[in-house]
Amino acid sequence: MDLDVIFVGTAGSAPTAKRGLPATLVRRGGDRLLFDCGEGTQRQLLRSVGLLEIEEIFISHFHADHFLGLPGLLKTFSLRGRERPVSIYGPPRLGALYDAMGPVMGRTSFDVRIVELEPNQELWRDGYRIAAFAVEHRVPAYGYALLEDERPGRFDEERARKLGVQPGPDYGRLQDGETVEGASGPVRPEQVLGAPRRGRRLVLACDTEPCEMTAVVAHGADLLVHEATFSAEDEERARATGHSTARGAAELAAKAEVTLLALNHVSQRYAGPELRDEARGVFEKTIVPRDFDRVEIPFPERSEPVHIRAQDDGNA
């Protein structure tokens, strides 16, 4: 099952020539999940992966740079004659926000389902769940975690054969937790399966100060995407505005023992490398993706996450 993250927009409150407003696309198998939808997101999607039939959109909070792309995206879906429904998730009062945008969007050709989430609420999907958790910002705001289910241990085919289980459907039944008949009686799954293997963990902390909740949720994550609006020299401003410095995000990543840290929500003050270098002074495995970069997240026993640059200019 493939899992990757595409950085659709990596800027802070204002876009730059090279960075669009916040939007992150997560692809897991056939699922397409969009986290935040800043102004211009549909254009960014068209420039990268195309305007996908996204079915679920998650809004972190109600500052304009994180949701103003919604009216245009939904309107374009209608102009294309879309019929499949869209679900939009976010903090309480998401419904009021959507109603306020109604006169701009007009009628849609599809149903829009608005879901207001409570802190720590989980949405269960096939093989994984999405958890909303409260972060520390100037307004109520959420981070989101994608947490895969635990997977069965590795199947020992040689052991199964010795126990008299023939290749075929019984192999699948054992891997699904069922007992089957062998040459000398019942064969239980634990006789032919190794220790359970953990699923992958992806955590997105959008606009927020470094906070304990993020550290707890992100513990052991394969990838933590964390905002870094400021450098350490502007730490006071970061605190005053409810944002993070690159160093602060790196300290949290080190505490949470994540595999890879990706910094985004980059202020127009910075090009990116200076934030990367600041963070790497604390946590070496840090990247600052540019728009349209992506990170592939393989299963932990195979390899670590891989940063794939859209354009390799040496500055990410």
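Report, ordered by chain and residue number, the lysines lying within cross-link reach of Lys255, taken as a straight Cα distance under 26 Å and ignoring same-chain residues fewer than 8 apart. Within the straight-line limit of under 26 Å, Lys255 reaches these lysines: Lys285. Equivalent ellipsoid of region 142-221: semi-axes from √(5λ) of the C-alpha gyration tensor, largest first, are 41, 10, 8 Å.
Just the protein heavy atoms count here, and of the accessible area of the chain at 1.4 Å, carbon and sulfur take up 46 percent. Within the straight-line cut-off of under 14 Å between alpha carbons, the aspartates and glutamates reachable from Lys18 are Asp291, Asp293, Asp312, Asp313, sequence neighbours fewer than 8 places apart in one chain being disregarded. Using a ≥ b ≥ c from the Cα gyration tensor of region 86-148 (square roots of the eigenvalues), is it rounded, prolate or oblate, where a/c under 1.5 gives rounded and otherwise the larger of a/b and b/c decides, a/b for prolate? Cα axes put region 86-148 in the oblate bin.
P(r) tail, region 210-255: Cα-Cα pairs separated by more than 11 Å, 63% of all pairs.
Of the beta bridges DSSP finds with both residues in region 145-260, what % are antiparallel, to the nearest 5? Display every interim value, and only then the final one.
Values: 8 of 14 bridges.
Just about 55 percent of them are antiparallel.
Output the 0 to 90 degree angle, nearest 10, between the alpha-carbon long axis of helix 70-79 and the longest principal axis computed from the alpha carbons of the chain. It is inclined by approximately 70 degrees. Take the Cα coordinates of region 204-305, assign each an equal point scatterer, and use the Debye formula without solvent to give log10 I(q)/I(0) at q = 0.20, 0.21, 0.24 Å⁻¹. After summing over all Cα pairs, the log10 values are -0.94, -1.03, -1.32.
Stokes-Einstein diffusion coefficient for the chain at 4 °C in a medium of 1.567 mPa s, Rh from the Kirkwood formula over Cα pairs: what value in µm²/s? D, rounded to a whole number, is 62 µm²/s.
On a 1.4 Å probe surface of the protein chains, which of Tyr98, Tyr144 comes out largest in accessible area, and what is the full order?
On the way: Tyr98 40, Tyr144 0 Å².
If we order Tyr98, Tyr144 from most to least accessible, we get Tyr98, Tyr144.
When Val104, Val187 are compared by accessible surface with a 1.4 Å probe, the order from highest to lowest is Val104, Val187. Farthest toward the dipole's positive end in the chain, which of Ile6, Ala228, Pro196, given Cβ charges of +1 (Lys, Arg) and -1 (Asp, Glu) about the Cα centre? In the chain, that residue is Ile6.
Shape class for region 101-186, computed from the alpha carbon gyration tensor (a ≥ b ≥ c): prolate, with a/c not under 1.5 and a/b above b/c.
The heavy atoms of Thr245 offer some 10 square angstrom of accessible surface to a 1.4 angstrom probe. The heavy atoms of Asp170 present about 40 square angstrom of accessible area, all protein chains included, probe 1.4 Å.
Computed over region 27-98, the P(r) curve from all C-alpha pair distances, binned at 10 Å from the origin, holds 19, 57, 24, 1 percent per bin. Among Gly72, Ala238, Thr214, whose Cα lies farthest out toward the positive end of the dipole of the chain, if unit charges sit on the beta carbon of Lys, Arg (+1) and Asp, Glu (-1)? In the chain, that residue is Gly72.
Starting from the Cα gyration tensor of region 258-316, take the square roots of the eigenvalues, sort them a ≥ b ≥ c, and report rounded, prolate or oblate (rounded when a/c is under 1.5, otherwise prolate if a/b is larger than b/c, else oblate).
Working: a/c = 2.37, a/b = 1.45, b/c = 1.63.
Cα axes put region 258-316 in the oblate bin.
Overall dimensions of region 56-113, expressed as equivalent-ellipsoid semi-axes from the Cα gyration tensor (√(5λ), whole Å, largest first), are 19, 12, 10.
The values are calculated or read from the model by the stated rules, or taken from the named source; none is laboratory data. Since the model is a prediction, treat every value here as computed from it, not as a measurement. So basically every Cβ, Gly included, is an ideal-geometry build from the backbone, and we count neighbours across all protein chains shown. Just so you know, the surface numbers come from the protein's heavy atoms only, side chains and all, with ligands and any DNA or RNA stripped out. Shrake-Rupley method; radii C 1.70, N 1.55, O 1.52, S 1.80 Å.
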